[in-house]
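> Attaching a single structure in structure tokens format; questions to follow.
The values are calculated or read from the model by the stated rules, or taken from the named source; none is laboratory data. Every value quoted in this text rests on a predicted model; they were computed, and no experiment measured them. Glycine gets a Cβ as well: all are built from the backbone with ideal geometry, and neighbour counts include every protein chain shown.
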């Protein structure tokens, strides 16, 4: 399949997916299940990664700003803005593309090769809508919370460095993270992450739903889902930054 | 009753998989589609269900032509169909009871207690009440097939399709599944279509047998006529079967 055929068949799948659910009660049940699986189950990895990245960024920023002319609070400011603008909405989503994307693609792919999706279709149910819509909506609605948690965890990691090492003082760090705060950056981070959440869940669902063959193809398509959603995320990151920040 | 009229079907490579098939699947009977692997029997079944669009011809469900229906009408039509898949196709994340309740959750207005009662009634019918809280991975292949039958009949379908219901099962369990499908067919007066290459099933429950050979209808009849068909490819298929070898061996033993 070439790229145009992929875009065409992705669009057709989304047309089937983004329709009114056959039964709202079943949608609600699936939605809550996905919130749990894609969102709550990702909180731990979200906190751990962000904490360590926050620590590393703080040390690196301090090393790069060792010039005595630069005020000490700049390190905290740089850590905050790096987390807010790039790490938490973009890099975190790239990491989640691996965790959540492969999970979605392999789950739907396995259902495809074991005829579970055919069984849903034969019952007269729109299988794309039943399986994919709850995943997309759940991931989009849970991602802002993951991003906010990530930002706070990263900042906390940096605070830990200030508190327990002699790299930077706590006063400098806390002054820096409060200095010249732009509230729109939070909105920007949330908008970006929601777009990325749609990309991850829809691209992974597409690769799972269109699996043909056996277990080997499920594995291959899961890998394709992660690779392609990562590339699309990075491309749209550039476009969204240009659109929203300039 | 399902009537298949002048149905032909080709795939992208241009090879004709079904070539002008004409047949009738009767209500209240077990209708078997038999043939060698690659003969076109699965395509015939999938075309009859509406999974494949046919190139020409008509498929009438009690007079309603599925080939003329739009996607929404086919979706509505599918609600009258129960289907048993080769690999059972039970949902891994649900228990046996939840699997059987699933069609009720989607389409019925019953409350939870009523749905549960109806699902248990169907599981009792297939003798699987003791496994209601187990997941598909925790039960045997035969039990999975029975659970899938319970799910297929829970909405009282008019038409029941079974794709290789005996695949992966031992002969004794296969026989039990065959008899269960036949009993259900008679009990609920369903039009049942079974896609199989198991000659045991043919001899046991073949009330209306359609033999497909190289995309064409080779022969049609019932289990009592199957040994005297005059159809060479069908005779080859029968004589190659383990069942025939056993009958032949028994015949010679008796003679001696």
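> Does residue B:91 fit the bill of being within 25 Å of residue A:104 (Cα to Cα), touching a strand residue (DSSP E or B) at 6+ places or on another chain (Cβ under 7 Å) and within 12 Å of another protein chain (Cβ to nearest Cβ)?
Spelling it out, it is not the case that residue B:91 is within 25 Å of residue A:104 (Cα to Cα), touching a strand residue (DSSP E or B) at 6+ places or on another chain (Cβ under 7 Å) and within 12 Å of another protein chain (Cβ to nearest Cβ).
> When both residues are 6+ apart or on different chains and their Cβ atoms are under 7 Å apart, which pairs have a first residue that lies in region B:47-72 and is farther than 20 Å from residue B:10 by Cα, and a second that is assigned to a loop (DSSP other than H, G, I, E, B)?
Close Cβ pairs (under 7 Å, with a partner that is assigned to a loop (DSSP other than H, G, I, E, B)) amount to B:62/B:1.
> In region A:18-32, which residue that is over 24 Å from the mean Cα position of the chain (by Cα) and within 11 Å of chain B (Cβ to nearest Cβ) is nearest to residue A:136 (Cα to Cα)?
Among those that are over 24 Å from the mean Cα position of the chain (by Cα) and within 11 Å of chain B (Cβ to nearest Cβ), it is A:21.
> Moving on. Quick one: count up the residues across region B:127-142 that are out of contact with any helix residue (DSSP H, G or I) (no Cβ under 6 Å at 6 or more places or on another chain) and part of a helix (DSSP H, G or I).
Residues in region B:127-142 being out of contact with any helix residue (DSSP H, G or I) (no Cβ under 6 Å at 6 or more places or on another chain) and part of a helix (DSSP H, G or I): 4 in total.
Conditions tested, residue by residue: (1) at pLDDT 90 or above; (2) assigned to a helix (DSSP H, G or I); (3) in contact with a helix residue (DSSP H, G or I) (Cβ under 7 Å, 6 or more places away or on another chain).
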residue: B:148; (1), (2), (3): yes, yes, no
residue: B:151; (1), (2), (3): yes, yes, yes
residue: B:155; (1), (2), (3): yes, no, yes
residue: B:160; (1), (2), (3): yes, no, yes
residue: B:169; (1), (2), (3): no, no, yes
residue: B:175; (1), (2), (3): no, yes, yes
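> What are the residues in region B:44-56 that are crowded, with 22+ Cβ neighbours inside 10 Å and out of contact with any helix residue (DSSP H, G or I) (no Cβ under 7 Å at 6 or more places or on another chain), if any?
Across region B:44-56, the qualifying residues are B:44, B:47, B:48.
> Of all residues in region B:94-106, which are touching a residue at least 40 places away in the same chain (Cβ under 8 Å) and either within 8 Å of another protein chain (Cβ to nearest Cβ) or in a helix (DSSP H, G or I) (or both)?
Residues satisfying the conditions are B:96, B:99, B:100, B:101, B:102, B:103, B:104.
> Sticking with this one: Is there a residue in region A:148-164 that is on the phi < 0 side of the Ramachandran plot and within 14 Å of chain B (Cβ to nearest Cβ)?
No.
> Next question, about the same structure. Within region B:178-188, is even one residue in a loop (DSSP other than H, G, I, E, B), out of contact with any strand residue (DSSP E or B) (no Cβ under 6 Å at 6 or more places or on another chain) and modelled with pLDDT of 90 or more?
no
> Related question: Tell me which of these residue A:147 doesn't satisfy, since it passes every other one: (1) assigned to a helix (DSSP H, G or I); (2) under 30 Å from residue B:76 (Cα atoms).
Going through (1) assigned to a helix (DSSP H, G or I); (2) under 30 Å from residue B:76 (Cα atoms) one by one, residue A:147 breaks only (2).
> Next up: Take region B:1-35 and flag every residue that is part of a loop (DSSP other than H, G, I, E, B) and touching a helix residue (DSSP H, G or I) at 6+ places or on another chain (Cβ under 6 Å).
Correct list: B:35 only.
> With crowded, with 16+ Cβ neighbours inside 10 Å and either within 30 Å of residue B:109 (Cβ to Cβ) or more than 14 Å from chain B (Cβ to nearest Cβ) (or both) as the only criterion, which of A:37, A:15 stands out?
Going through A:37, A:15 in turn, just one is crowded, with 16+ Cβ neighbours inside 10 Å and either within 30 Å of residue B:109 (Cβ to Cβ) or more than 14 Å from chain B (Cβ to nearest Cβ) (or both): A:37.
> Another question about this same structure. Taking the condition in a helix (DSSP H, G or I), away from every other protein chain (no Cβ under 14 Å) and closer than 30 Å to residue B:19 by Cα, does residue B:43 pass?
Yes.
> What single numbered condition from (1) more than 14 Å from chain B (Cβ to nearest Cβ); (2) buried (at least 19 other Cβ atoms within 10 Å of the Cβ) fails to hold for residue A:145?
(2)
> Continuing with the same structure: Mind telling me which of the residues B:165, B:157, B:103 ends up being under 15 Å from the mean Cα position of the chain (by Cα) and buried (at least 23 other Cβ atoms within 10 Å of the Cβ)?
Criteria check complete, one pass: B:165.
> Which of the residues belonging to region B:46-78 are assigned to a loop (DSSP other than H, G, I, E, B), more than 20 Å from the chain's Cα centre (by Cα) and within 14 Å of chain A (Cβ to nearest Cβ)?
Matches in region B:46-78: B:69, B:70.
> Let me ask another. Here is a check on your reading of the model: is residue A:177 buried (at least 17 other Cβ atoms within 10 Å of the Cβ), at pLDDT below 95 and assigned to a helix (DSSP H, G or I)?
yes
> Can you work out which of the residues in region B:79-88 that are in contact with a strand residue (DSSP E or B) (Cβ under 7 Å, 6 or more places away or on another chain) and either loosely packed, with under 13 Cβ neighbours inside 10 Å or within 8 Å of another protein chain (Cβ to nearest Cβ) (or both) is farthest from residue B:139 (Cα to Cα)?
Within region B:79-88, the match that is farthest from residue B:139 (Cα to Cα) is B:81.
> Moving on. Please work out if residue B:30 is within 18 Å of the chain's Cα centre (by Cα) and farther than 24 Å from residue B:214 by Cβ.
Here the answer is yes, as residue B:30 does meet what is asked.
> Continuing with the same structure: Do you know which of the residues in region A:123-133 that are part of a helix (DSSP H, G or I) and within 13 Å of another protein chain (Cβ to nearest Cβ) is surrounded by the fewest Cβ atoms within 10 Å (Cβ to Cβ)?
Checking each candidate, the answer is A:129.
> So residue A:120 ticks every box in (1) more than 14 Å from every other protein chain (Cβ to nearest Cβ); (2) assigned to a helix (DSSP H, G or I); (3) at pLDDT below 95; (4) touching a helix residue (DSSP H, G or I) at 6+ places or on another chain (Cβ under 6 Å) but one. Which box is left unticked?
Going through (1) more than 14 Å from every other protein chain (Cβ to nearest Cβ); (2) assigned to a helix (DSSP H, G or I); (3) at pLDDT below 95; (4) touching a helix residue (DSSP H, G or I) at 6+ places or on another chain (Cβ under 6 Å) one by one, residue A:120 breaks only (1).
> Say whether the condition of being part of a helix (DSSP H, G or I), closer than 14 Å to residue B:157 by Cβ and within 12 Å of another protein chain (Cβ to nearest Cβ) is met by at least one residue in region B:107-116.
Yes, region B:107-116 contains at least one residue that is part of a helix (DSSP H, G or I), closer than 14 Å to residue B:157 by Cβ and within 12 Å of another protein chain (Cβ to nearest Cβ).
> I've got another one for you. Can you pull out every residue in region A:87-116 that is out of contact with any helix residue (DSSP H, G or I) (no Cβ under 7 Å at 6 or more places or on another chain), away from chain B (no Cβ under 11 Å) and without any contact (Cβ under 8 Å) to a residue 60 or more places away in the chain?
The one that is out of contact with any helix residue (DSSP H, G or I) (no Cβ under 7 Å at 6 or more places or on another chain), away from chain B (no Cβ under 11 Å) and without any contact (Cβ under 8 Å) to a residue 60 or more places away in the chain: A:91.
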